[in-house]
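The values are calculated or read from the model by the stated rules, or taken from the named source; none is laboratory data. Just so it is clear, the structure is predicted and the values come from calculations on it, not from any experiment. FYI the Cβ positions are ideal-geometry reconstructions off the backbone, even for glycines, and counts take in every protein chain you see.
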Amino acid sequence: MKFCCRTFSFVAAIILNMNFAYAQQNDNSKNDTIPLRYGAHRISARKDTMMQRWRDYGLGQFIHWGVYAIPGGHWENKTYHGASEWIRTWSGPASPKDWKSIYDQLYKQFNPVSFKASEWAKQAKTMGAKYVIFTTKHHDGFCLWPSKYTNYTIANTPYRKDIVKEIVEAYDAEGIDVYLYFSIIDWNHSGYSSSIPKNQADSMAYERFKKFTRNQLIELLDRYPKAKGLWFDGSWDAAWIKQAAFTNELEKELRELHPGLIIGSRFRADDYGKRHFDSNGRMMGDYEQGWERKLPAHIDLVKTNDWDAVMTIPPNQWGYNSDWQSSYIKTPYDLTDMLMHAVSMNGNLVINFGPDGKGNIRDEEDNVAVKLGAWMDINHEAVYGTTYANLPKPDYGYFTKKDNKLFLTVFNLPLNRLVRIAIPKNFGSAPSKANLLSNMNPLALKRTDMGLDRDQNIYYDVTIPDHFHAKDPFVIVFELKQLDKDKKDYGDSKI
Ligand code: FHN
């Protein structure tokens, strides 16, 4: 009896200790008010070279590709009015008869004979993308790699070849980092459920699904070691949110398997079902993954977080949709604006492409790649490796900064061609020279006496010469010089 009690307390102590250590590992700060076992894994941003590389990307490409590219939002002269990659969920009287079973057989026709991974990668490179996020499996469950855990894969299509491998190899060869998009939602797996299992049979089925998901993730990392990260999606279901202990462990396991792996904030929820940020407000991943088709209106919304924003060219179509006539299609100009908006707030912009069922990239997307690429060719210095400039946003466009260079990407040049920038007196440095990034021609830079008031800024003027006619947004580079406070060389008025 004594022995039994002792053994019991020993085991209990081990369990308690394990839990304590575990909690300590996850509950990273003494200041956190809510004790969490499955909260954020870190209290501050990653500083390793891989994460720094991620921060410097600026521009990325997203690719949504799968069986949904065959119908392209339409079937038998009927139009599906949602996002084309969701077409499997088409229901109601206006949908084609037996639609789901038709959809589930479409993979037998998936034969993208025009697909050339190397051409896609070259096009992305032309555009200036530094990373690509590729849909290995979207919500329909169709795998673009020959997963050994399901038959619903590329291996059982007429195409047969491993598309994920082709993408990883081709993009890597162009120096573009690859991130594997993976949907937790899987409409094809019999154990998948969006709602919390209600009985033992449901629970057993869901356990099978969890095991399957884990297997597939390990399989992906194993097969594609060149991938730099996993980009999770479809993780909002009540059933998945409830799996905090499992997902917490799985995230650790994936990171151990693949040192340096980058995972955003969409993978898992904490003990209380909070996603992206845990109940103590700490980010649950390496970067904030909450910006989709929308950019933060103000820097305060992203604070010092790492983040990326994924952007469709039409309002909300990720997969191929054969009809782009009925909605506004963002122009290369719009996307350049969004790119600079994102980068000026420490974010990356990821532009989505949705190739068709044969593997062609549509002309409109090609046009974006070519035009944005031409712009990037000239102006990339204002994008790659730059950060938030810590200056108020000017009406002319966006500031970005790198070392002693301050870039102003001008989208709105006033009719008087005068660009007046405001530098707070406590900024620590001030512009000493200005030139156009496109041709490095110097621009006259003047400090402007704005009179006497309580304004805490110093103003600098640059007038754009009459002969400079910009068809596109252009960049002014200001060289910044440390201010010598003793000399008061910024002509501060005594007010
Ligand atoms: O439902 C998906 C959608 O189809 C698309 O994949 C986007 C991309 O971020 N994610 C989901 C919606 O948030």
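Checking Ser91, Ser114 one by one, the residue that is more than 16 Å from the ligand (Cβ to nearest atom), surrounded by fewer than 15 Cβ atoms within 10 Å (Cβ to Cβ) and closer than 27 Å to Ser235 by Cβ is Ser91 and no other. For segment 96-111, the count of residues that are without any contact (Cβ under 8 Å) to a residue 40 or more places away in the chain and within 16 Å of the ligand (Cβ to nearest atom) is at least one.
For segment 137-190, the set of residues classified as of a type in the set (Val, Ile, Thr), within 21 Å of Ala227 (Cα to Cα) and within 16 Å of the ligand (Cβ to nearest atom) consists of Ile184 only. Every test in (1) modelled with pLDDT under 95; (2) within 16 Å of the ligand (Cβ to nearest atom) is passed by Gly73 save one, and that test is (1). Checking Ser183, Ser235 one by one, the residue that is within 19 Å of Ala40 (Cβ to Cβ), in contact with a strand residue (DSSP E or B) (Cβ under 8 Å, 6 or more places away or on another chain), surrounded by 18 or more Cβ atoms within 10 Å (Cβ to Cβ) and hydroxyl-bearing (Ser, Thr, Tyr) is Ser235 and no other. What's the total number of residues in segment 410-443 that are under 24 Å from Gln482 (Cβ atoms) and polar (S, T, N, Q)? Residues in segment 410-443 being under 24 Å from Gln482 (Cβ atoms) and polar (S, T, N, Q): 4 in total.
Against the definition (without any contact (Cβ under 8 Å) to a residue 24 or more places away in the chain and either touching a Pro at 6+ places or on another chain (Cβ under 8 Å) or more than 16 Å from the ligand (Cβ to nearest atom) (or both)), how does Lys226 come out, yes or no? No. For the structure I just gave you, tell me whether Lys433 is modelled with pLDDT of 95 or more, of a type in the set (D, E, K, R) and surrounded by 15 or more Cβ atoms within 10 Å (Cβ to Cβ). When the stated conditions are applied, Lys433 does not pass them. A single member of Ile313, Ile329, Ile263 is of a type in the set (A, V, I, L, M) and over 27 Å from Lys393 (Cα atoms), and it is Ile263.
Can you name every residue in segment 402-430 that is free of Cβ contacts under 8 Å to residues at least 24 places away in the same chain and crowded, with 16+ Cβ neighbours inside 10 Å? Residue satisfying the conditions is Lys402 alone. Can you tell me which residues in segment 229-257 are under 14 Å from Ile218 (Cβ atoms) and within 20 Å of the chain's Cα centre (by Cα)? Correct list: Leu230, Glu251, Leu254, Arg255. Applying the criterion of being surrounded by fewer than 24 Cβ atoms within 10 Å (Cβ to Cβ) and over 19 Å from Tyr388 (Cα atoms) to the residues of segment 45-61, the residue that is nearest to the ligand (Cβ to nearest atom) is Met50.
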